[in-house]
Amino acid sequence: MLVYRCGLDVSSRSLTYLATRLRGHRRRIGSRWRRLSVGRQALLVLAHLRNGPTYAQLAAGFEMGTSTVYRYISEAVDLLAALAPTLDGAVQAASTKAYVLLDGTLLPIDRIAADRPYYSGKHKRHGMNVQVIADPFGRLLWASPALPGAVHDVRAAREHGIIDALAQAHPPCWADKDYHGAGGTIRVPFRGRWEAHSAGQQAVNRSQAKIRALVEQAMATLKSWRLLRKLRCSTTRITGLVQAVLTLHHASSTAG
């Protein structure tokens, strides 16, 4: 396999943050000699999450075995996932905002047609449903555990406890028509055909659409980690990957 150098568009704060956590983890478990230093292991993990290369490609680049690459990445992902912001923490931060934005996204996976629980009729593809909460500027506050793609957005929001949590904290929440019937503080556009709406309803829907458009920035932030654009791992590992990315994002955006 040919090997070449490749840039990584990730803040050095993310590397420092992960390396520090890995160093502490190694001390806690009494780990001795490792093939990679904590800095190199952190770089390996960031390359996997940001650019999405295979384990074999990373093994060639870092001159080590594929199984070792897998262990190093799994160790770091589990460590980061355990540090991810909780829904309660995100809602507490949301309570200081004028409002928040809620939307769902589908993370594509390589499933076959028979895997119906993972097939999203809305997106016409297999994937995992992830709910995202963003602030009024489109900044990512929280991302939920992953559910099968067949799960509807409003059902996912209920299962994660998002609706109840927002209702208790009282911040207004803007969402699209997929959240009709959610209740609480969630505000959705009027349903039905555009021409059937009154002028006032059309104006409300236009205004809400402009507000909700900002949540796409949070989606883009999440999917800037290219591994999440096409997941080829077990579906049981996807929640951990999403939480690891969320931890790194917050570490990078709040550091310094």
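The values are calculated or read from the model by the stated rules, or taken from the named source; none is laboratory data. Computed from a predicted structure; not experimentally measured. Cβ sites come from the backbone with ideal geometry, for glycine too, and all protein chains shown count toward neighbours. These accessible areas exclude ligands, DNA and RNA; they are computed on the full protein's heavy atoms, side chains included. Shrake-Rupley method; radii C 1.70, N 1.55, O 1.52, S 1.80 Å.
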Less than 26 Å apart at the alpha-carbon level, and either on another chain or at least 8 residues along: which lysines does that give for residue 122? 177, 210, 223, 230
Just how far, in whole angstrom, is the stretch 119-151 from the stretch 162-236 if you go by their alpha carbon centroids? 10 Å
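Expressed in nm to one decimal, what extension gain is obtained for the pair residue 110 and residue 64 from 0.36 nm per residue of sequence separation less their Cα-Cα distance? Walk me through the intermediate numbers first.
Details: separation 46, 0.36 × 46 = 16.56 nm, distance 2.69 nm.
Contour length minus the Cα-Cα distance gives 13.9 nm.
Just to make sure I understand: if all protein chains stay in place, what is the order of 15, 141, 44 by accessible area at 1.4 Å, largest first? Write out the running numbers ahead of the final one.
Values: 15 60, 141 25, 44 0 Å².
Descending accessible area places them as 15, 141, 44.
How high is the relative contact order of the stretch 5-128, in percent, with contacts defined as C-alpha pairs under 8 Å that are six or more residues apart? Mind dumping the intermediate values first?
Working: 78 pairs, mean separation 21.5, N = 124.
Relative contact order comes out at 17 percent.
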Full-stretch length increase - residue 3, residue 177 - with 0.36 nm per residue and alpha-carbon distance subtracted: 57.9 nm
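How high is the FRET efficiency between residue 199 and residue 125 when r is their beta carbon distance and R₀ equals 41 Å, given to the nearest 0.05? Intermediate results must be reported in sequence, preceding the final value.
On the way: r = 37 Å, r/R0 = 0.91.
Efficiency, from the Cβ-Cβ distance: 0.65.
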Nearest 500 deg cm²/dmol is fine: what mean residue ellipticity at 222 nm does the chain get from its DSSP H runs of n ≥ 4 alone, each adding -39,500 (n - 2.57), divided by its residue count? -14500 deg cm²/dmol
Across the stretch 33-168, what fraction of all alpha-carbon pairs, as a whole percent, falls in each successive 5 Å bin from zero upward? 2, 9, 15, 14, 14, 15, 14, 9, 5, 2, 0
For residue 190 and residue 254, what is the calculated FRET efficiency with R₀ set at 41 Å and r taken between the beta-carbons, to the nearest 0.05? 0.65
In this structure, the FRET efficiency calculated for residue 92 and residue 137 from their beta-carbon separation, with R0 = 25 Å, to the nearest 0.05, is 0.90
For the stretch 172-248: rounded, prolate or oblate by the Cα gyration tensor [a/c cutoff 1.5]: prolate
As I understand it, the value is the acute angle between the Cα axis of helix 66-82 and the longest principal axis of the Cα atoms of the chain; what does it come to in degrees, rounded to 10? 50 degrees
Portion, in percent, of the accessible area of the stretch 1-133 that falls on carbon or sulfur, probe 1.4 Å: 52 percent
Options [x] -0.36, -0.98, -1.09, -1.40; [y] -0.32, -0.95, -1.07, -1.40; [z] -0.33, -1.05, -1.20, -1.59 for log10 I(q)/I(0) by the Debye sum over Cα atoms at q = 0.08, 0.14, 0.15, 0.18 Å⁻¹; the value derived from the coordinates is listed as [x]
With every protein chain kept in place and a 1.4 Å probe, the residues 48, 160, 170 fall, from largest accessible area down, as 170, 160, 48
Any chance you could look up the accessible area of residue 219 with a 1.4 Å probe, heavy atoms only, rounded to 10 Å²? 20 Å²
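Can you tell me the relative contact order of the stretch 28-80? Whole percent, Cα pairs under 8 Å, sequence separation 6 or more.
35 percent
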Accessible area expressed per residue, the chain, with surrounding protein chains retained (probe 1.4 Å, Å²): 51 Å²
Within the stretch 122-147, find all residues whose amide N lies under 11 Å from a label point positioned 7 Å from the Cα of residue 25 along Cα-to-beta-carbon. none
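Note down the net charge around residue 186, summing +1 for each Lys or Arg and -1 for each Asp or Glu among other residues with Cβ under 13 Å from its Cβ. All intermediate terms of the calculation are to be shown ahead of the outcome.
Values: positive: 158, 177, 187, 212; negative: 103, 153, 164, 176, 178.
For residues surrounding residue 186, the net value is -1.
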Would you check the accessible area of residue 139, probe 1.4 Å, heavy atoms only, in square angstrom rounded to 10? 130 Å²
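Using 0.36 nm per residue of separation minus the Cα-Cα distance, give me the extension gain between residue 13 and residue 55 in nm, one decimal.
Working: separation 42, 0.36 × 42 = 15.12 nm, distance 2.42 nm.
Net length gain for the segment: 12.7 nm.
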